[in-house]
There are 2 protein chains.
Amino acid sequence: MAARNYGQYSGLVSALEQVGERWAMLIVRDLLVGPRRYSDLKQGLPRIPTNILSTRLKDLNQAGIVRRMPLAHGLVYTLTDYGRGLEDAILALERWGFTALDEADESDPVTADSISVAFRAAFRPDAAAAAFRTVYDLLFPDFGLTLVVDGGTLAVTRAPATSPPATSAHLVFATDARIHDVISGRIDAAQSVQRAAVRVLSGDPVLLERFTQTFRVETAHTIAPGAENDGVRGLSGA
Amino acid sequence: MAARNYGQYSGLVSALEQVGERWAMLIVRDLLVGPRRYSDLKQGLPRIPTNILSTRLKDLNQAGIVRRMPLAHGLVYTLTDYGRGLEDAILALERWGFTALDEADESDPVTADSISVAFRAAFRPDAAAAAFRTVYDLLFPDFGLTLVVDGGTLAVTRAPATSPPATSAHLVFATDARIHDVISGRIDAAQSVQRAAVRVLSGDPVLLERFTQTFRVETAHTIAPGAENDGVRGLSGA
DNA sequence: CCGGATCCTGGATGATACTG
DNA sequence: CAGTATCATCCAGGATCCGG
């Protein structure tokens, strides 16, 4: 597929030749959340050119990563077992990229699939296992998400944007892209409420604490926006 | 940096905008092994165009991933702490790509840095922790590698190609690219000797068993070369 | 020799229009 | 809905040249 070969016998090279091209991993990321139709993918990747989406799906299918399945009304793309094997790598990349997210443009759209994967990447099974089953209902501007945390496992499902507070949810809150600042620890539970990044609609607000412990991306160290000439991030040692 | 933006607020997008361009992750991979000079990198990535290497190093430096350090005789590139944070993601990608390596061109060169990272990706701390400290000396056609396994930790160091069997090594063997087939479990210890993929030069050949248990990439399932039209790998279910 | 910068070309990417 | 077709652009790839 990758017309241009790296010409090296290596696992990483093999991986990059299969999913290293532009947009490929983002397609896999969205398919990690569940089966998606062509139009779903196009919507979840607003800026992908349609011919690129088409080409990538063909390539990923050819590589055995994606399967095309006929549906009652159209087609559906799903990951093969082989493709699902990319989960660890994609979650790891997601975690790493997360730490630099504060430098990104917060006006860029946040999609349901992208945030779903973010929660899976940020999930701390050990922290979760110490607590009882908890259901969180999150209302984003354009969609809703239900997170069920139970005994070290996490299930993320999508709910309609206008979903009424689920009666089964222990905590329901409205939020937006700034939830990333909570997961990254840039702001804590109290601050998130103060700054209106999180608005608790129902449930015990104390559960917000448990939420921040359950979903957290370790930021090895603070990263200062912009880089010095010598490429040092963080304190401007000069 | 990434002139072309994915236009999405997401950790994975952030990661890809920093290290998603061609060759970038391979540069990081080699720097994961240790500090490298421009010419080292060029040699470790035989097919990288020099202007691309130059541009990538500039971008990676700008992103705070790579640091340029003046040396007595020239420059050295190293990873920053931030850049080293990519290790998990790169090892995960390496593991995944490994499983499809049998379809790759085995005549492609294997570099010292790439195989060093492969061993780190394949390392099984749990299997290693159960055994005593073991030193393996591997002689590849163009270089040597010493693997020190001790209490669940691994240290990989490079040795000259002509290195005489280290007296401290418990097992010394000559091998080549086919060592990948051993790590992937495609052939076992006995077969590797039979087929001359491994030639024990000194030490107890039984240690080869321990080696194969210590370095192993889990292949979820066998992957057949070539993909069907429907993208199914493995048995040609038709 | 090290550490790049420059120039040119072809193929991948991106935007848009159009179709089974 | 699920793409294909067309065309402009831009970046990767390869060779060459340059300064210390």
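Quick note: the coordinates plus some simple rules give every number you see, no bench work behind them. In this text, all values refer to a predicted model and were calculated from it rather than measured experimentally. Cβ placement follows ideal geometry from the backbone for every residue including glycine, while neighbour counts extend to all protein chains displayed.
As a footprinting exposure proxy, order A:Thr157, B:Thr111, A:Thr146 by other Cβ within 10 Å, with the fewest listed first.
Fewest-to-most ranking of A:Thr157, B:Thr111, A:Thr146: A:Thr157, A:Thr146, B:Thr111.
For peptide B:98-107, how many partner chain Cβ atoms fall within 10 Å of a residue's Cβ, on average?
Mean shielding by partner chains, rounded to a whole number: 5.
At 7 angstrom along the Cα-to-beta-carbon line, where would the label on A:Ser107 sit relative to the other copies? Give the distances in nm, shortest first.
So the distances to the same position in the other copies read 5.4 nm.
Would you kindly calculate the mean projected area, averaged across all directions, of the convex hull enclosing the Cα atoms of chain B, in square nanometres?
Average projection, Cα convex hull of chain B: 16.0 nm².
Nm distances between the label at A:Pro160 and the same-position labels in the remaining copies, 7 Å along Cα→Cβ, shortest first?
7.5
When a/c is below 1.5 the answer is rounded, else prolate if a/b is larger than b/c, else oblate, so apply that to segment A:87-128 with a ≥ b ≥ c taken from the square roots of the Cα gyration tensor eigenvalues.
Prolate shape, in that a/c is at least 1.5 and a/b is the bigger ratio.
Based on the alpha-carbon gyration tensor of segment B:1-111 and its eigenvalue square roots a ≥ b ≥ c, which shape applies: rounded if a/c is under 1.5, prolate if not and a/b is larger than b/c, or oblate?
Oblate is the answer for segment B:1-111, as a/c is 1.5 or above yet b/c matches or exceeds a/b.
Looking only at B:Asp40, B:Asp181, B:Asp105, which one moves most when chain B is put into a Gaussian network model with springs between Cα atoms under 10 Å?
Looking only at B:Asp40, B:Asp181, B:Asp105, the biggest GNM fluctuation is shown by B:Asp105.
Over what distance in Å are the Cα centres of segment A:164-205 and segment B:131-147 separated?
Value for the Cα centre distance between the two parts: 52 Å.
Pop a pseudo-label 7 angstrom from the Cα along the beta-carbon direction at both B:Asn51 and A:Thr167 and give the gap in nm to one decimal.
6.7
Ignoring everything except DSSP H segments at least 4 long, calculate the 222 nm mean residue ellipticity for chain A; use -39,500 (n - 2.57) per segment, divide by total residues, nearest 500.
The helix contribution divided over chain A gives -10000 deg cm²/dmol.
From other protein chains only, count the Cβ atoms within 10 Å of every residue's Cβ in A:77-86, then give the mean.
5
I'd like the mean, over residues of B:14-26, of how many other protein chain beta carbons sit within 10 Å of each residue's own Cβ.
Across B:14-26, the average partner-chain Cβ count within 10 Å equals 6.
Note down the Stokes-Einstein diffusion coefficient of segment B:74-143 in µm²/s, whole number, using a Kirkwood radius over alpha carbon pairs, 10 °C, and 1.306 mPa s.
Taking Rh from Cα pairs, D becomes 108 µm²/s.
Work out the FRET efficiency for B:Arg186 and A:Gln62 from their Cβ-Cβ distance, taking R0 = 22 Å, and round it to the nearest 0.05.
0.45
Can you give me the pair-distance distribution of segment A:92-185, C-alpha pairs, 10 Å bins, whole percents?
For segment A:92-185, the binned pair fractions read 15, 48, 32, 4 percent.
Between A:Pro49, A:Pro205, A:Pro35, which gets the highest mean-square fluctuation from a Gaussian network model of chain A, Cα cutoff 10 Å?
Judging by the Gaussian network model, the answer is A:Pro49.
Roughly speaking, what is the stretch gain from A:Leu201 to A:Ala130, that is 0.36 nm per residue apart minus the C-alpha to C-alpha distance, in nm to one decimal?
My answer for the length gained is 23.0 nm.
Quick one: compute the contact order of segment B:62-126, relative version, from alpha carbon pairs under 8 angstrom and 6+ residues apart, as a percent.
25
Please give the contour-minus-distance gain from A:Arg4 to A:Gln43: 0.36 nm per residue of separation, less the Cα-Cα distance, rounded to one decimal in nm.
Working it through step by step, the gained length comes to 11.1 nm.
With a sphere of radius 11 Å drawn around the Cβ of A:Ile90, what net charge do the other residues whose Cβ falls strictly inside it have (Lys, Arg +1; Asp, Glu -1)?
Charge balance near A:Ile90 sits at 0.
Over the C-alpha atoms of the protein assembly as shown, what are the Rg and the largest Cα-to-Cα span, Dmax, in Å?
Final numbers for Rg and Dmax: 23.6, 73 Å.
Using Cα pairs closer than 8 Å and at least 6 residues apart in sequence, work out the relative contact order for segment A:77-184, in percent.
So the answer I get is 23 percent.
Which residue fluctuates most in the GNM of chain A (Cα springs below 10 Å): A:Thr134, A:Thr55, A:Thr214?
Greatest mean-square fluctuation among the candidates belongs to A:Thr55.
If contacts are Cα pairs under 8 angstrom and at least 6 residues apart, what is the relative contact order of chain A in percent?
Normalised by residue count, the contact order of chain A is 14 percent.
Decide, for segment B:38-102, between rounded, prolate and oblate: order the square roots of the alpha carbon gyration tensor eigenvalues as a ≥ b ≥ c, take rounded if a/c falls under 1.5, and otherwise choose prolate if a/b is larger than b/c, else oblate.
Note, shape of segment B:38-102 comes out oblate.
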